[in-house]
Ligand SMILES: Cc1ncc(COP(=O)(O)O)c(C=O)c1O
């Protein structure tokens with residue numbers, strides 16, 4: 001709810017706050033669980049887009065990070081080990097991918113034979129090493145080959161092309177947000193069966209699938225038990241949001257919410273309405289509205305690009321002009337993408353400003 005004046009001293013609003021104690025706890029929680037299960041963690045950096053957060057994930061034991069787009073990977077190249085989880089298809093982009101592979105250990109997913117041929121030609125010419133993983137559609141109906149037989153065929157093509165066949169990716173994003181753990185577990189098991197079938201097909205033609213990568217924050221506890229994946233790609237676990245707050249993760253897997261937006265009350269036109277300086281341009285709305293942290297009975301609603309309205313179930317809103325409130329984003333990825341930097345704090349004491357270097361890097 002309303003902030004004591006010493007918290008976030010000197011921070012202008014709207015600001016994207018990151019509670020470092022909580023970030024460290026979330027990183028540690030998933031890392032320990034992965035280590036205990038003997039599974040590799042490769043967190044998805046699309047959630048935070050920040051070198052300093054990625055470094056902490058790697059220091060804790062992650063093998064590297066995932067990036068959704070090439071430009072994101074370019075910005076996060078200092079992290080040293082990157083899997084691009086979306087196919088890179090255009091000649092200009094392939095040129096950039098090859099350049100990136102000179103600076104970092106890079107791998108990329110593929111779902112098309114012509115794309116494999118183009119990647120192979122570019123890598124041979126530039127003499128760079130690129131890991132290639134066959135993307136298998138395990139139910140997301142987005143990218144990925146459609147059957148185990150097609151996966152084996154494409155993997156054989158990768159092998160013949162001279163590229164390094166690193167493994168397979170099977171990501172099912174729509175299951176991540178299924179709130180009930182048992183229901184989600186049944187759906188994840190079904191999705192992972194498709195990946196298992198593809199692995200068997202590969203093995204039946206003498207091809208090894210060393211890395212089986214996929215999964216996210218919601219499937220994580222299930223993936224740890226199933227062990228179909230050798231590498232898990234959770235993204236939101238580090239920042240969290242209200243959307244994920246609804247997703248049951250099970251005992252011992254609780255994740256806190258380090259990511260908040262600091263907003264200021266800029267107008268008190270009526271007793272039942274406090275207007276704050278956060279609107280669509282500073283909080284994403286694709287997954288609903290942000291929640292008011294600690295504000296029992298207080299709700300936020302969007303009131304345009306630059307404004308939001310806080311109301312109270314009690315009718316009268318007890319917030320003064322200039323007073324500050326913290327909002328928990330409904331979707332971390334799309335909110336992070338709206339800011340240049342995180343204001344990093346411990347318990348409200350500001351420690352640093354971390355650039356969100358891959359913000360807007362969607363090409
Ligand atoms: C390929 C891939 N892997 C992993 C993730 C991470 O998912 P989450 O943020 O649900 O942990 C995403 C998110 O969109 C993704 O696209």
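If you go through region 258-289 and keep only what is assigned to a loop (DSSP other than H, G, I, E, B) and in contact with a helix residue (DSSP H, G or I) (Cβ under 9 Å, 6 or more places away or on another chain), you end up with 258, 282, 283, 284, 285, 286, 287, 288, 289.
Candidates are the residues of region 31-44 that are in contact with a strand residue (DSSP E or B) (Cβ under 8 Å, 6 or more places away or on another chain) and outside any helix (DSSP H, G or I); the one that is nearest to the ligand (Cβ to nearest atom) is 44. Across region 154-173, the number of residues qualifying as more than 13 Å from residue 214 (Cβ to Cβ), in contact (Cβ under 8 Å) with a residue 12 or more places away in the chain and not in a strand (DSSP E or B) comes to 9. Only a single item in (1) in contact with a strand residue (DSSP E or B) (Cβ under 7 Å, 6 or more places away or on another chain); (2) within 16 Å of the ligand (Cβ to nearest atom); (3) modelled with pLDDT under 95 is not met by residue 239, and it is number (3).
One residue stands out among those in region 302-334 that are touching a strand residue (DSSP E or B) at 6+ places or on another chain (Cβ under 7 Å) and within 16 Å of the ligand (Cβ to nearest atom): the one that is farthest from residue 272 (Cα to Cα), which is 332. Of the residues making up region 192-221, those that are within 13 Å of the ligand (Cβ to nearest atom) and more than 20 Å from residue 83 (Cβ to Cβ) number 1.
The values are calculated or read from the model by the stated rules, or taken from the named source; none is laboratory data. In this text, all values refer to a predicted model and were calculated from it rather than measured experimentally. With ideal geometry, Cβ positions are generated from the backbone for all residues, glycine too; neighbour counts draw on all protein chains shown.
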